[in-house]
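One structure below.
Read the figures in this text as sums done on the coordinates, not as results from a lab. All values reported here derive from a predicted model rather than from experimental measurement. Virtual Cβ from ideal backbone geometry, glycine too; neighbours counted across all protein chains shown.
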Amino acid sequence: MQELPIGIQSFERLRENNYLYVDKTERLLDLLSHGERYFLSRPRRFGKSLTLSTLEAMFKGKIELFRGLAAEKWVEKQQQHPSPVLRLDISIVETGSVERLELTLKEIIERTALFSDMELHAESMTGKFAELIMRFYKAKGPVVILIDEYDKPILDNIDDLEKANEMRKLMRSFYTVLKGCDDYLRFVMITGISKFSKVGVFSALNNLHDISLIENYSDIVGYTQNELESYFKERINFTADKLKTDSSAILEKLRDYYDGFSFDGNIKLYNPFSILNCFSAGEFRNYWYESGSPSFIVEYMKKYKIEAPEEYRHKIVEHDFTTSQEIERADPSSFLFQSGYLTIEKKEEQFFILDYPNREVLDSISSMYLKLIYRVESYAFLGNEIWKALREGNIAEVIKLYNTAIAGIPYDDYFKNKNEFWYRSLFIMLLRGAGIISYSEPHTSKGRADVVIQFETKIIVLEFKFAAHMSDVDKKLHEGTQQIQERGYTNSYDAEGRKIICAVVVADDETRQVTARVL
């Protein structure tokens, strides 16, 4: 089996060392045949950097790297007249202040010139950038510009809008150089996480074609189902043998954990980083989150008070979703989509339906909330212990452990005016944060039970209620009991022969504790 390119973003290194490569060069050829100025936004760890590295090798005519790939003939022709390529990685800049940002941008430009044996005479950052482009053009012809993580300075300061605006102004002046040098450019591609505004960072670059939501390029990064089954066939079989199961079971689990990303509402994609790590380790875990959850996501959620992520299914007008806006004015759903925490489940007329793409993302966002927003200590341990108590049918122990979790949330982070949804969601997050599957509000003919957890020999049905004051607890316990009985939440399970345990869980917001009544 070929080695897996985990963490490798260099196309040249990947091919020279015979790592497994899912050939995306046919999609890149299509891109090159239809335009010259592009923008692409995709979540982190989705293959953007490798895509730019591949384009760099293509334009430089490195034919030895493309033998057997779809782009081989194109690169063979390009080898006769290779293009100069300026590839700039904005992810390495310092973003603590505008001064440090400007200085590190200068350093990147000067370092690029040094490697090409060029000496720059301009003093300003924009002057150096423009001079570098013109010198490349005079020496080698029309220049290819590839910019990675264009939006890092802004995203790093999303919690400080004044500072983010300062960063945006500086980056706008930097990117405006490309407009002034357009006659010297052959091809431009800029990538990042967030979409841009026409009056924002790229105010002057009105010739950039945003392909982020274009169906023809929806699979330009990420793995399709066909690519997974074709390129990873040996790995699938190997993993099946290791886990003592069959390949169909592995494929089903891969879909559950890692599939579901969509950028057009049609084609579903796997996150490459998660797939590579899963096959390497031979176990299913939340690799995307473990690779480092960006701090800007946490700050964004705090700022917009985006709370419990139990479920999100959300309809958004297509125009509002596709019209680029600055981050602070964008619909939070749009930003969470761009950062990979939501995806387009499907498209309906003039609407997009957004939801979590897969189990990995939902479990990961639950872990992130518990750890970084609610700051619940030992959330994984508590989740596991709650699950054990549920498995044993010990509802009293479940409530004791859940109250421990609630009590651990710092007062300043415990928002007032909570409701039933918040308490139920926190409970489910504890389970998901521990990697446990739970089912929220499954449908029945007369309604939806709040939480249903199924074991081989028993089924747990929990109905959550909210009491604003201690004096309302008994009333809410009675209401929950009537609701379970009248709506027949257990009817669909009665014939299965499993033990059914029903309980009403009431959250007393006055004491910040929950109590339960087992039916």
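Here are the numbers for the structure shown:
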| item | result |
| --- | --- |
| FRET efficiency, 1/(1 + (r/R0)^6) with R0 22 Å, evaluated for Asn206 and Asp30 via beta carbons | 0.40 |
| Simple label model, 7 Å out from Cα along Cβ direction - Glu64 to Ser230, nm | 2.8 nm |
| Stretchable slack from Ser471 to Glu99, in nm (0.36 nm times residue separation minus alpha-carbon distance) | 128.1 nm |
| Per-pair calculated FRET efficiency, R0 = 56 Å: Ser492 and Glu12 via Cβ, rounded to 0.05 | 0.50 |
| Given charges at beta-carbon only (K, R positive; D, E negative), |dipole| of the chain in Debye | 280 debye |
| Residues Glu3 and Thr457, FRET efficiency given R0 of 41 Å [Cβ-Cβ distance, rounded to 0.05] | 0.40 |
| Charge-dipole axis of the chain as Lys and Arg at +1 and Asp and Glu at -1 on Cβ define it, positive-most pick from Phe59, Trp422, Phe261 | Phe59 |
| Cross-link table Lys77/Lys140; Lys400/Lys458; Lys169/Lys268, entries beyond 25 Å C-alpha to C-alpha | Lys169/Lys268 |
| Assigned charges on the beta-carbon of Lys, Arg, Asp, Glu; the stretch 167-301 dipole about Cα centre (debye) | 560 debye |
| Over the chain: helical MRE at 222 nm, DSSP H runs n ≥ 4 each giving -39500 (n - 2.57), nearest 500 | -13000 deg cm²/dmol |
| Proximal lysines relative to Lys138, as straight alpha-carbon distance under 19 Å, when same-chain residues fewer than 8 apart are discounted | Lys60, Lys128, Lys179 |
| Inter-label distance, nm, simple model (7 Å from Cα along the C-beta direction), Ala139/Glu510 | 7.7 nm |
| Packing-based order for 364-370, 496-502, 462-468, using average beta carbon neighbours within 10 Å, highest first | 364-370, 462-468, 496-502 |
| Global size of the chain as Cα Rg and Dmax, reported in angstrom | 26.2, 83 |
| Mean projected area (nm²) of the alpha-carbon convex hull when the stretch 1-114 is viewed from all directions | 8.8 nm² |
| Where labels lie 7 Å past Cα in the beta-carbon direction, separation of Asp89 and Asn237 in nm | 3.7 nm |
| Listed peptides 33-44, 236-247, 503-514 by packing density, highest first (mean Cβ within 10 Å) | 503-514, 33-44, 236-247 |
| Length added when fully stretched, Lys73-Glu162, from 0.36 nm per residue minus Cα-Cα | 27.1 nm |
| Straight-distance crosslink candidates among aspartates and glutamates, where the alpha carbon sits under 12 Å from Lys73 and sequence neighbours closer than 8 are dropped | Glu26, Glu64 |
